[in-house]
Amino acid sequence: MKYFHLFLSLVILLASCDSRNTHFLKDEQYRNQVNTQFEKRKSQASGRQQALFSVLDRPHLSTEQREALQFLYAYMPLSDLADYDGDFFLHLVDEALRIRDYFPWCKTIPDDIFRHFVLVYRINNENLDDARSVFFDELKERVKNLSMQDAALEVNQWCREKVSYSGTDPRTSAPLALVRTAWGRCGEESTFTTTALRAVGIPARQCYTPRWVHSDDNHAWVEVWVDGQWHFMGACEPEAVLDAGWFAAPATLAMMVHTNVFGAYTGAEEKNLETPLYSKINLLANYAATRKVLVQVVDGNDQPVEGATVQFKVYNYAELYPISANTTDKNGQTSIMSGGGDLMIWANKQNAYGYRKSTKDETITVVKLDRKKDAEYDETYLMNIPQGRPIPKLPAELAKNNARRLAHGDSIRNAYIQTFATENAAKEIAAQYKLNSVEVWKYLKLAQGNWQEIKEFIILKKDHPDLFPFLATLSEKDLRDTPAAFLADHLQDRQNLKIKAGTPENMVVPYILSPRIELEIIQPWRSFAQSIVSASDQDEVRAHPEYIIDAIKKKVKLDNDENYYHCRLTPRGVYELGTADFRSRDICFVAACRSFGIPARLEPATYKPQYFENGQWTDAVFEQKEVQTTNLPKVKLTVQNDPSNLIKPSYTSHYTLAYFADGDFHTLDYEGSPAVATFPYSLNLDEGYYRLLAGSRGHDGSVTVYTKYFKLENGKPLTLSVKMPEVLEKLTEKGTIDMNTTVQQANGDKISLKQLSNGKGLMICILDPGKEPSKHILQDLPAAKQTLEEWGGGILLTTPDDKLSAAFDASAFKGLPKQIVWSTDDKRALLNTACNVLNTPIEDNFPLTIYLSDMGGILYSFFGYKIGMGEEIVKIIQKERTCQ
């Protein structure tokens, strides 16, 4: 027996040693490639050697742990090298290995799929947290006995219980912050859902159509690897089966669907871009018909141009947005796989540039770099969209059962939301600490699931005179995901924070005390910055802000390629790593200025870093270019509305202004700015070359685009009129609905369509209020509120009884036109009537929006997802008037 135990111990010891020596990177050639890249990144991150790499010196690390860590270090973006430590990444590796050993399906996952789509912690540009551990612990018992496919579906049901859709700003909250909030935009939902799937060992990736072409905006969803194949699902929008979702129909109209893959990837998918750190893979063929877009770039003498940048652009939100970009080869050629719609091909090499529209019928698009900077001209062209294809309908019983599960998930989420702060609680806090109860309630309500942190901050800083003005400078998302301690680092006493002499009082809070600079996560950088500069040196810096520019130029190396997820480095991370992308560097500059009492900002339209001195904003110049582009003379541009426009154009929705630099036009970001809210308005812009672009979208989604190229010259103020291009479409009656048809209002009373129309017409939206497309309609209508109310016709918003959800709260949608009537469409009676007249099955492609004349003629109909529906109906109303 003694020998048996010795033998058993030896076997266990040998097995343990064998386990500790198992390679995570099993292919030797790939392992050597990773190690070479790791050594490069280790040298690059020398400023954070101890924080990042000391974990690799621990003797207990297994070969698997070490190789998995090295893989992550080798390819992670700069933001992760700068702002997180080795212990954090080792924890993520350990979690991935624990997940792999726990779930039986992980044994079927190929090494490369597990490496890129389970081990990797980052999904997009979110702040990182410990969501993987939290989600694993919450989900493991729920899914461990399911098949891989059923587990993926179940995870999405769990995600619905936690998070629902609502529009918000472009910064991506961390997954755990999203759970606290209980809602987010599609990019956040898909980041959250992908994280949850990876937390149970199911390979997943976030997919984007960077911009739609049939409508403005974009969308993100999730692909999962199940039993050897990739499938799609709507994030936090679970269906009964894989490869189903409301976006499946609009995705057939897409011109690009892509995803970033962390690390050196050898998968079979087509690559739009391949770099030493990551690949951008093209997934469009999974969703839509594709064509090869071949481009030839030539110079003025028709000779091929090697090394030209080629951007493949689509119209979206009144700009030409690049869905992909490549560089030409020695033959002057490059190509991508895209959809069947039109693309604007934009090519440049330095400031030499040219452009040309590519259509589905072309075998090759030749672009000549012969456009002349400063040439003044205008042009009009049409951008056509692809032709979609039908989507299979789910069996009714599956859809019905899934609807019950959705309702249950909504009830769980809503029960959590009921734990948020109440107005009475806010009043009690205000009374206890002698604060303004209206202000306290305002910020606790906006903080939602983060209200305890904001409450703690308010109590901590209750005596600070700038407390509420400070909170007013934060975004709503900041209030939802920023800890109290981080905010407290920034709201310092004025006597301790010396303010630069001559600073206007109205600049102190927004441009000195506030931590909000651009789209970065708020971190406590202020005390750190003050701790590394002596008091006497701080006085010197306040007198000479350009010293900060010089210090950053010496300290920080610029690298715009390696921070490929575009997650902003924190100011402290920039300082410690010593390498940053240009936007993170600029944020660091602003943060440093504010830390020392100097007003600073990123200019709202161009994002140039600026500091306030001698009564004006001064550009911080980091790179001296051959053509000076900073601190140029300002020229007054006055913009007015052309009186012939049927609708009042709004910036971003209908038109934009762009300035020329580096061979392309860059849109001035005035979206939502009061500066452009009312015509006429004036802007003081840098002298230079500009473009006005305006677009009118037709009912079929195609866009008529008008562009005007013009110069702004010193001492020559200019006035421009925004004239929307005309779309040549006639109103045709598609059928007739009986206006004596009655609907039941929310209060139980019945009313006829004729009564609702008020003798002027009727807009009907048949909604599935739990889905994103229907929510977009409710978010779009306020923009047309004034015009629709002046029109005076009817607006009916109705929901089929099988789509009703206790989770839907109509009162959450503010600013809707006053004539709206809500109703329930019993047994889909109105929906079926409309579909029969239109001779089109809806197949759950909600919403259905129709416009009826006062006689019941259907003058407009649209199924599914579309941005700007309120404006679309306004155009129909105005065309109907002109035809009468």
Worksheet, complete the sentence: A student asked for the Cα radius of gyration and Dmax of segment 309-418 in angstrom ought to give 22.7, 63
Response to the item:
Karplus ³J(HN,Hα) for segment 401-409 (6.51 cos²θ - 1.76 cosθ + 1.60, θ = phi - 60°; Hz, whole; x = Gly/Pro) runs 5, 5, 4, 5, 5, 4, 4, 5, x
Worksheet item: To the nearest 0.05, what FRET efficiency results for D361 and D700 with a Förster distance of 22 Å applied to their C-beta separation?
Response: 0.75
Response to the item:
Mean projected area, convex hull of alpha-carbon positions in segment 352-488, reported to one decimal in nm², is 18.3
Item to complete: Name the long-range amide H neighbours of G263: under 5 Å, sequence gap of 5 or more, or other chain; modelled H, no Pro or chain starts.
Response: Y278, S279
Worksheet entry | Rel. contact order, % - alpha carbon contacts under 8 angstrom, at least six apart, segment 157-233 | 22
Item to complete: Mind pulling up the Rg/Rh value for the chain? Radius of gyration and Kirkwood radius, both on Cα.
Response: 0.97
Fill in: Mean residue ellipticity (222 nm) of the chain, computed from DSSP H runs ≥ 4 via -39,500 (n - 2.57), nearest 500
-10000 deg cm²/dmol
Item to complete: Give the relative contact order (percent, whole number) for the chain; include only Cα pairs under 8 Å separated by 6+ residues.
Response: 10
Worksheet item: When all C-alpha to C-alpha distances in segment 643-793 are sorted into bins of 5 Å, what percent of pairs does each bin hold, rounded to whole numbers?
Response: 2, 6, 11, 15, 17, 14, 10, 9, 7, 4, 3, 2, 1, 0
Item to complete: Report the relative contact order of segment 524-652, percent, no decimals, based on alpha-carbon pairs under 8 angstrom and at least 6 residues apart.
Response: 20
Worksheet item: Which stretch or stretches of segment 231-247 have amide N atoms under 17 Å from the point lying 7 Å from R142's Cα along the Cα→Cβ direction?
Response: 234-241
Discussion item. Positive end of the dipole of segment 617-746, charges at C-beta (+1 Lys, Arg; -1 Asp, Glu), about the Cα centre: which of T719, L692, S673 has its Cα farthest in that direction?
Written reply: T719
Fill in: Spatially proximal aspartates and glutamates relative to K634 (Cα-Cα < 16 Å; intrachain offsets below 8 disregarded)
E603, D619, D686, E687, E713
Fill in: Under 20 Å from K400, Cα to Cα: lysines that are on another chain or at least 8 residues apart
K771, K803, K827
Worksheet entry | Gain upon complete extension [Q229, A375; 0.36 nm per residue less C-alpha separation] | 47.3 nm
Item to complete: Quick one: what are the phi-derived ³J(HN,Hα) couplings along segment 858-874, Karplus 6.51/-1.76/1.60 with θ = phi - 60°, whole Hz, x for glycine and proline?
Response: 7, 9, 7, 8, 8, 9, x, 7, 7, 7, x, 5, x, 5, 4, 5, 4
Response to the item:
The pairs in K313/K393; K40/K555; K40/K280; K500/K553; K500/K716; K750/K818 lying past 25 Å Cα-Cα in this model are K313/K393; K500/K716
Worksheet item: Quick one: Kirkwood hydrodynamic radius for segment 45-203, alpha-carbon pairs, angstrom, one decimal?
Response: 16.4
Fill in: Electrostatic dipole magnitude of the chain [Cβ: Lys, Arg +1; Asp, Glu -1; Cα centre; debye, to 20]
400
Item to complete: State which entries of K360/K648; K372/K723; K357/K866 exceed 31 angstrom in Cα-Cα distance in the structure shown.
Response: K360/K648
Item to complete: Give me the distance in nm between label points sitting 7 Å out from Cα along the Cα-to-Cβ direction at V438 and D101, one decimal.
Response: 6.0
Worksheet item: So for the pair Q616, Q303, with labels modelled 7 Å out along Cα→Cβ, what separation do we get in nm?
Response: 4.5
Worksheet, complete the sentence: Cα gyration tensor of segment 781-822 diagonalised, 5x eigenvalues square-rooted, in angstrom largest first, produces semi-axes 23, 12, 6
Discussion item. How much length would be gained if the chain were fully extended between S475 and N424, taking 0.36 nm per residue of separation minus their Cα-Cα distance, in nm to one decimal?
Written reply: 16.0 nm
Worksheet item: Any idea what diffusion coefficient segment 419-560 gets from Stokes-Einstein, in µm²/s, Kirkwood Rh on alpha carbon pairs, 10 °C, 1.306 mPa s?
Response: 95
Worksheet, complete the sentence: For segment 135-289, Rg(Cα) over 2.2 N^0.38 Å is 1.01
Discussion item. Report, to one decimal in Å, the Kirkwood hydrodynamic radius for segment 541-601 based on all distinct Cα pairs.
Written reply: 11.7
Worksheet, complete the sentence: Once the dipole of the chain is set up from charges on Cβ (+1 Lys and Arg, -1 Asp and Glu), the residue from the list A177, F71, G573 lying farthest towards its positive end is A177
Item to complete: Along Cα→Cβ, 7 Å out, is where each label goes; now give me the distance between the ones at K26 and R405 in nm to one decimal.
Response: 3.2
Item to complete: Pull up all non-local amide H partners of R185: gap of 5 or more, or a different chain, and H-to-H distance under 5 Å with H placed in the peptide plane.
Response: S166, T168
Practice prompt. Return one quarter of the surface area of the convex hull spanned by the alpha-carbon atoms of segment 557-657, equal to its mean projected area, in nm².
Written response: 9.8
Worksheet item: Rg/Rh for segment 794-884: what does it come to with C-alpha atoms and Rh from Kirkwood?
Response: 0.96
Worksheet, complete the sentence: Share of accessible surface on carbon and sulfur in the chain, whole %, 1.4 Å probe and ligands ignored, is 50
Item to complete: Set the Förster distance to 60 Å, then compute FRET efficiency between Q149 and K814 from the Cβ-Cβ distance, nearest 0.05.
Response: 0.90
Worksheet entry | Rounded accessible area per residue of the chain, 1.4 Å, Å² | 42
Worksheet entry | P(r), alpha carbons of segment 594-716 - 10 Å bins starting at zero, rounded % | 11, 38, 33, 14, 4, 0
Worksheet entry | Estimated FRET transfer efficiency when R0 is 22 angstrom, pair E274-K40 (beta carbons, to 0.05) | 0.80
Practice prompt. Could you work out the equivalent-ellipsoid semi-axes for segment 452-521, taking the square root of 5 times each eigenvalue of the Cα gyration tensor, largest first, in whole Å?
Written response: 20, 15, 10
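The values are calculated or read from the model by the stated rules, or taken from the named source; none is laboratory data. Remember, it's a predicted structure, so these values are computed and weren't measured experimentally. Here Cβ is always computed from backbone atoms with ideal geometry, including for glycine, and neighbour counts include all displayed protein chains. Ligands, DNA and RNA are excluded from the accessible area calculation, which covers all protein heavy atoms including side chains. Shrake-Rupley method; radii C 1.70, N 1.55, O 1.52, S 1.80 Å.
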